[in-house]
Amino acid sequence: MAHRRPSRKKYAETIGEIAIEWNLLERKVNVLGFHYLGGDVEVASRILQSMGSQTREEFVGYLVRKFERDKQIAGFMSHLLRATSTLRENRNTILHASPINLRASPFSTVTHYHGELVKPHKHGHTMRFNVPIETLEDMMQSLRSFVAYADAIAVCLIAPDDDGFEGGPSMRAAMKKTLDSSPAKPPLPRKID
């Protein structure tokens, strides 16, 4: 049985989902940055929104190193920021590239995604990427997992660290235990070559 190529519509929907999930992840990283900046949310927002995505990630990493006293939470944040960096690079590659050979021939109206992208390089040449639809779907899933992970970190940061219910662990201790286990802690994504 021949391998069936995904439609242009499937490719476009997957790219759209990646864009949506990236925007959600970026917002979650901002919220975590707000926590470490403290003070006025409007001022924190102004500071973070004035930065590009990479600079913002680096700045939030700096804030974590400077202010986070809990080594376990600092580790969760480091894991999130490493993933965010790779996902940002992948997102930039995918969203600034064009699919190759969407049409079967110049005269065909049938369009399929063939798993190859081409992107202009800043030095004038073009770069080709082999990105099958499964890679795009994995990226979408990774983004979704890290959005949930960032949400869990945010809960952990604001959870009380007092006596737990009936002598059990505090809410923060329980959240940290959850964040440190699979599947709550998603694996780091691979960079698209």
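Ranking Ile15, Val29, Val41 by Cα position along the charge dipole of segment 1-45, where only Lys, Arg, Asp and Glu carry charges on their C-beta atoms, puts Ile15 farthest toward the positive end.
Put simply, when 171-178, 7-14 are sorted by average Cβ atoms within 10 angstrom per residue, most first, you get 171-178, 7-14.
From the helices alone, meaning DSSP H stretches of at least four residues, give me the mean residue ellipticity at 222 nm for the chain, per-run term -39500 (n - 2.57), in deg cm²/dmol to the nearest 500.
Working: 6 runs with 114 residues, N = 193.
It lands at -20000 deg cm²/dmol.
Calculated on the Cα set of segment 1-55, radius of gyration then Dmax: 17.9, 61 Å.
Placing +1 on the Cβ of every Lys and Arg and -1 on the Cβ of every Asp and Glu, with no other charges, gives the chain a dipole of roughly 880 debye about its Cα centre.
Whenever you get a sec, compute what percent of the accessible area on the chain sits on carbon and sulfur atoms (1.4 Å probe). Here it works out to 53 percent.
Helix hunt in the chain: which complete DSSP H runs extend at least 15 Å axially by C-alpha with mean Kyte-Doolittle at least -1.0? Helices meeting the span and hydropathy rule in the chain are 8-37, 53-67, 71-95, 133-158. Protein heavy-atom accessible surface, 1.4 Å probe, per residue over segment 14-98: 50 Å².
Farthest towards the positive end of the charge dipole of the chain, among the residues Ala74, Ser181, Met139, is the Cα of Met139, using unit charges on the Cβ of Lys, Arg, Asp and Glu.
Based on Cα contacts under 8 Å between residues 6+ apart, segment 1-147 shows a relative contact order of 31 percent.
For a straight C-alpha distance cut-off of 18 angstrom, the aspartates and glutamates reachable from Lys122 (same-chain residues fewer than eight places away being disregarded) are Glu89, Asp193. A straight chain from Glu134 to Ala74 at 0.36 nm per residue would run longer than the Cα-Cα distance by 18.4 nm. When the alpha carbon coordinates of segment 1-99 are projected onto the principal axes, the ranges are 58, 29, 16 Å, largest first.
The values are calculated or read from the model by the stated rules, or taken from the named source; none is laboratory data. Every value quoted in this text rests on a predicted model; they were computed, and no experiment measured them. Cβ atoms come from the backbone with ideal geometry, glycine included; neighbour counts cover every protein chain shown. For accessibility, only protein heavy atoms count, side chains too; no ligands or nucleic acids. Shrake-Rupley method; radii C 1.70, N 1.55, O 1.52, S 1.80 Å.
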